[in-house]
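Where a number appears in this text, it was derived from the coordinates with a stated rule and is not lab data. None of these values were measured; they are calculated from a predicted model.
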């Protein structure tokens, strides 16, 4: 083995250099974990933040089973890959659409396995009185005497209910 061989960094199938710790002294592949990577990179930080966020969403890391922890890590790593694809596309670099869509689908499936849920949200408009009250509060509107206005929307007029009106409805 040449003297400079120890300094040679091995290259993976994508052409990216692997850390020296990825190979044993005899040149055999060593399994890498997130813990051996340089934690100062933006990608590492983003993946770790996503792991923490997902773990928190699921009740905290201490409440997760080992399988759930691994799924959280897979979802976060896939999320980092998807974010990388998206950043490259926005920067004008070519992105293999099939790889991007596969990564998005994998992430969706992992998140669904973890319990990703759709939550219905009430989007019906607020009644006029409530919308007006929120605007008054947000804008700090007061009357000339310094008090908050009681209502700019008049109460709806209600016709007195008579027995004749009830009979017509019945």
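Summary table
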item	result
Convex hull volume per residue in cubic angstrom - Cα atoms of region 41-114	82
Region 41-101, relative contact order in percent, only Cα pairs under 8 angstrom and at least six apart counted	31
Potential lengthening between residue 56 and residue 30 on full extension [0.36 nm per residue; Cα-Cα distance subtracted]	6.2 nm
